[in-house]
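Here, each number is a calculation from the coordinates, and none is a lab measurement. Owing to the predicted nature of the structure, the values given are computational and were not obtained by experimental measurement. Methodologically, a virtual Cβ is constructed for each residue, glycine included, from the backbone with ideal geometry; neighbour enumeration extends over all protein chains shown.
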Amino acid sequence: MRTAFFPGSFDPFTIGHQALVEEGLRIFDKIIVAVGENSDKHGLLPMEQRKRLIEDVYRNEPRVEVVSYKGLTGDYCREHKLNLILRGMRNTVDFDYERNMMQINQRLYPEITTVLLFTPSEYVAVSSSVIREILSFGGSVEQFMPKGIDINNYLK
């Protein structure tokens, strides 16, 4: 079984993230969406709320598992015998970052392969940071969230 590990802060999980999971499910048998703690980012949602949101999106999809973790992605993958990391790219800035991370991971964890997918063009402008910014000014983000997800249910 080919299982991909899809790490991110997912703060919050967007329709862009969802599109990558859907594309990933066409390639892999299972995807583990992994909510990681990123010390460089100031969060909107606590980790457990981010995890719950994604679990709610995929409650009827047995091929998607949601976990939370701390530490290096490669260490988690090695410990759980996972050898595929799924990452998404929206633009050239993402490409440079992801390429660098892939090269570092190849040196530290040669048994792990990173698979990069392009975000569908209609979601390129959607990012968690943009959603956080809109919310900070009281704006509506419904159109950027997976169907049926009201971010206000997770902000409590």
Quiz prompt | Distance between region 1-63 and region 93-156 - C-alpha centres, whole angstrom | solution = 9
Quiz prompt | Quotient of C-alpha Rg and 2.2 N^0.38 Å, computed over region 8-153 | solution = 1.03
Quiz item: Between the helical axis of 92-108 and the dominant principal axis of the chain, each derived from Cα atoms, what acute angle in degrees is found, rounded to the nearest 10?
Solution: 40
Self-check item: Rounded to whole Hz, the Karplus (6.51, -1.76, 1.60) HN-Hα couplings of region 144-150, x for glycine and proline
Solution: 9, 9, x, 3, x, 9, 9
Quiz prompt | Compactness of region 74-118 - radius of gyration and Dmax, Cα, Å | solution = 10.7, 31
Quiz prompt | Estimated FRET transfer efficiency (Met101, Asp150; beta-carbon r; R0 35 Å; 0.05) | solution = 0.60
Quiz item: Ignoring the sites themselves, what is the longest stretch of the chain with no GluC sites (Glu not before Pro) in a DSSP loop and at most 15 other beta-carbon atoms within 10 Å?
Solution: 38-110
Practice problem: Give the residue from Val141, Ile151, Leu117 lying farthest towards the positive end of the charge dipole for region 26-156; charges sit on Cβ (+1 for Lys and Arg, -1 for Asp and Glu) and the dipole is referred to the Cα centre. | Solution: Leu117
Quiz prompt | Charge-dipole axis of the chain as Lys and Arg at +1 and Asp and Glu at -1 on Cβ define it, positive-most pick from Ile27, Gly43, Val93 | solution = Ile27
Exercise. Quick one: what are the phi-derived ³J(HN,Hα) couplings along region 124-135, Karplus 6.51/-1.76/1.60 with θ = phi - 60°, whole Hz, x for glycine and proline?
Key: 4, 7, 7, 9, 4, 5, 5, 4, 4, 5, 4, 4
Self-check item: Cα pair count fraction exceeding 15 Å, expressed as % - region 1-57
Solution: 47
Quiz prompt | Amide H partners (placed H, <5 Å) of Ser68, local residues excluded | solution = Val35
